[in-house]
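Quick notes on the structure that follows.
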Amino acid sequence: MSTATPPRTGADVMAQFLPQSPFVAKLGIAVEVLDAEQVRLRLPWDPANVTIGDMVHGGAVAALADVAVMAAAWAQADMPDSLRGVTTSMSVHFLAPARATDLVAIGRVLRRGRTLVNCDVDVVRPEGAAVAKAIATYKIG
């Protein structure tokens, strides 16, 4: 009889958690990369995420950035005894509108403390044009 081994790295935890999160699933956010340097998440174009016409709602852009912060903070984290975490602060600067397009969030850790992780996220169109920039602090454990 074989037993399933629990996830051992933060990237393993994120790879299992993100597809099962109801909110992530509702938005359709998909993982592209979970590695040491950065995470890449994609928000597919969906007319349900617009504010008016074909413009992606700022809340959907901010939600994508927040999920990327969480993924970046956990991707290379030492696994604590309890898997708890929360974004404690986030500032989003909207740089350009996103019209009828997928969005990609590229998240990186700027500084990792004992429990607080400072991250930045670039939200871009698939061809790389900037849409938003987020700076955030995430608390692990």
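Only the coordinates and a few stated rules stand behind these numbers; no lab work does. Because the structure is a prediction, the values reported are computed rather than measured. Don't worry about glycine lacking a Cβ; one is built from the backbone with ideal geometry, like all the others, and counts go over all protein chains shown.
Scanning region 86-124 for residues that are part of a loop (DSSP other than H, G, I, E, B) and either within 15 Å of the chain's Cα centre (by Cα) or crowded, with 22+ Cβ neighbours inside 10 Å (or both) gives Ala98, Asp102. Which of the residues belonging to region 125-141 are surrounded by fewer than 16 Cβ atoms within 10 Å (Cβ to Cβ) and within 24 Å of Thr9 (Cβ to Cβ)? Lys139, Gly141 - these are the residues of region 125-141 that are surrounded by fewer than 16 Cβ atoms within 10 Å (Cβ to Cβ) and within 24 Å of Thr9 (Cβ to Cβ).
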